[in-house]
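Reviewing the structure listed below.
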Amino acid sequence: MPQKIPNLLDLDHSQLESLLESVGQPRYRADQIWQWLYKQLATEVQDMTSLPKALRAKLEEVAVLHTPRVLATQESLTGETRKDLLEMRDGEQVEVVLMRYIQRRTVCVSTQVGCAIGCRFCATGQMGFQRNLSSGEIVAQVLHFERALRTQGRRVTNIVFMGMGEPLLNYNNTLAAITRLMDPAGLQIGQRRMTLSTVGISTAIRRFAKEKLQVNLAVSLHAATDELRSELMPVDQRHDLDALFAAVQEYINRTNREVTFEWALIDGVNDTPEQAAALAARIAGMLVHVNLIPLNPTDGYPGQPSSEEHVEAFTDILDRRHIPYTLRLRRGGDIQAGCGQLRARIHRQST
Ligand code: SAH
Ligand code: SF4
């Protein structure tokens with residue numbers, strides 16, 4: 001949908017300079033506005049009190065500063081995890097999650113409204129695809145929690161692109177958001193403190209490998225045979241496991257970074273000895289780490305988290321093959337922190 005007036009958060013620094021030039025303003029005004037956006041965390045143009053009133057009025061004519069409204073909030077019982085449903089400029093809704101650890105405060109951002117891939121077990125996949133988020137809409141999610149944390153003298157330290165949507169199918173906006181979040185004149189979040197999670201679009205992984213970034217890559221594997229994987233995750237056939245593993249190896253070669261494979265353990269489905277053995281065979285010798293996560297049950301999929309016995313049998317096989325893995329505990333399970341689940345719940349209530 002055309003939105004003629006740009007959102008300031010969608011502009012990179014040179015685009016902001018051009019906008020100011022177009023209204024007869026010197027370039028240094030762009031630096032000032034940049035500071036208001038990303039250092040002082042202004043929520044509206046009128047907050048930018050170091051700008052002359054006339055300039056603020058002009059800016060409001062040619063651009064908007066869109067600060068998403070919070071439509072719903074869920075806090076986990078322990079208070080460690082908070083999830084907010086944010087409203088975008090056109091009324092679309094996306095989820096953003098803050099996870100507080102002892103040393104880190106991690107924001108989990110969405111990159112699309114819905115998702116076109118349609119993984120069976122995923123609440124976002126079950127709702128279909130609406131649209132891509134702009135770079136500013138991605139960045140705004142981080143600013144949202146940065147503001148909340150700043151009142152407690154804290155900052156966002158890490159970002160994971162693991163919310164709603166497939167970041168590599170919204171490549172340019174995701175890359176622009178990463179660049180803006182890294183900016184030393186802005187939030188200055190280190191590349192190594194960001195993790196992009198993908199369903200495994202092999203062509204886009206290869207492209208991302210060439211960006212010369214140090215961003216961590218997580219690949220949602222969940223199955224080690226094409227047969228089971230295409231049942232669970234209907235990614236295009238062009239991205240079969242051979243193509244995926246070749247692309248991941250290229251990412252490792254070019255970045256020298258360890259890649260994470262995500263594996264949500266689904267009882268009786270992908271927690272079998274056959275899958276464990278196939279996984280071990282696939283990744284032996286690669287610079288990778290497996291993240292085993294218990295499935296978060298969703299309404300649209302009958303699967304359940306694996307039983308303890310299945311988890312033990314699965315991890316025994318990985319142990320014997322010396323495959324490095326971490327067995328995650330459920331985090332934020334009581335607030336449905338799985339991606340897409342808050343939006344799905346609010347929609348159910350209102351329909
Ligand atoms: N589209 C990207 C990023 C968003 S999903 C991707 O698929 O990687 C973030 C992670 O949550 C992925 O690893 C995804 O497989 C996982 N996930 C989705 N639904 C889940 C569920 N119900 N339980 C556990 N993990 C889930
Ligand atoms: Fe999309 Fe990721 Fe959910 Fe699959 S798991 S439907 S790729 S958001």
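The values are calculated or read from the model by the stated rules, or taken from the named source; none is laboratory data. Keep in mind the model is a prediction, meaning the values are calculated, not measured. No Cβ is skipped: glycine too gets one built from the backbone with ideal geometry, and neighbour counts run over all protein chains shown. Calculation scope for accessible area: heavy atoms of the full protein, side chains included, ligands and nucleic acids excluded. Shrake-Rupley method; radii C 1.70, N 1.55, O 1.52, S 1.80 Å.
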Evaluate the following for Val160: is it within 16 Å of ligand 2 (Cβ to nearest atom), within 11 Å of Thr106 (Cα to Cα) and without any contact (Cβ under 8 Å) to a residue 60 or more places away in the chain?
yes
Kindly indicate whether any position in the stretch 65-78 is open to solvent by 70 Å² or more (accessible area, probe 1.4 Å), in contact (Cβ under 8 Å) with a residue 60 or more places away in the chain and in a loop (DSSP other than H, G, I, E, B).
yes
Residues of the stretch 309-335 satisfying the condition of being open to solvent by 60 Å² or more (accessible area, probe 1.4 Å) and modelled with pLDDT under 95:
Leu327, Arg328, Leu329, Arg330, Arg331, Asp334
When residues of the stretch 79-125 are limited to those that are open to solvent by 20 Å² or more (accessible area, probe 1.4 Å) and in contact with a Cys (Cβ under 9 Å, 6 or more places away or on another chain), the one farthest from ligand 2 (Cβ to nearest atom):
Met99
Within the group Glu250, Glu231, Glu262, which residue is within 14 Å of ligand 2 (Cβ to nearest atom), in a helix (DSSP H, G or I) and touching a residue at least 40 places away in the same chain (Cβ under 8 Å)?
Glu231
Cross-chain or 6+ apart pairs with Cβ under 9 Å, the stretch 190-213 first and at positive phi and more than 12 Å from ligand 1 (Cβ to nearest atom), then modelled with pLDDT of 95 or more and open to solvent by 30 Å² or more (accessible area, probe 1.4 Å):
Lys212/Arg254
Is it the case that the stretch 140-161 has a residue that's under 22 Å from Ala247 (Cα atoms) and not assigned by TED's automatic domain parsing to the domain that holds His13?
yes
Selection from the stretch 7-41 of residues that are outside any helix (DSSP H, G or I) and touching a Gly at 6+ places or on another chain (Cβ under 9 Å):
Asn7, Leu11, Lys39
Criterion first (surrounded by fewer than 20 Cβ atoms within 10 Å (Cβ to Cβ), modelled with pLDDT of 95 or more and outside any loop (DSSP other than H, G, I, E, B)) does Ala218 satisfy it?
yes
Could you tell me which numbered condition Asn173 fails, if it satisfies all but one of (1) closer than 24 Å to Ile33 by Cα; (2) open to solvent by 10 Å² or more (accessible area, probe 1.4 Å); (3) away from ligand 2 (no atom under 16 Å from the Cβ)?
(3)
Please determine, by comparing only the residues of the stretch 41-59 that are open to solvent by less than 60 Å² (accessible area, probe 1.4 Å) and among the β-branched types (Val, Ile, Thr), which one is farthest from Glu17 (Cα to Cα).
Thr43
Taking the stretch 265-300 on its own, how many of its residues are over 30 Å from Leu213 (Cβ atoms), within 14 Å of ligand 1 (Cβ to nearest atom) and not in a loop (DSSP other than H, G, I, E, B)?
3
Can you name the residue in the stretch 282-306 that is of a type in the set (A, V, I, L, M) and open to solvent by 20 Å² or more (accessible area, probe 1.4 Å) and, of all such residues, is nearest to ligand 2 (Cβ to nearest atom)?
Ile293
Select, from Tyr38, Tyr28, the only residue that is away from ligand 1 (no atom under 16 Å from the Cβ), open to solvent by 40 Å² or more (accessible area, probe 1.4 Å) and aromatic (Phe, Trp, Tyr).
Tyr28
I'd like to verify a number: residues in the stretch 126-135 that are surrounded by 24 or more Cβ atoms within 10 Å (Cβ to Cβ) and either within 13 Å of ligand 1 (Cβ to nearest atom) or basic (Lys, Arg) (or both), how many?
1
Options Ile138, Ile159: the member that is surrounded by 19 or more Cβ atoms within 10 Å (Cβ to Cβ) and out of contact with any strand residue (DSSP E or B) (no Cβ under 6 Å at 6 or more places or on another chain):
Ile138
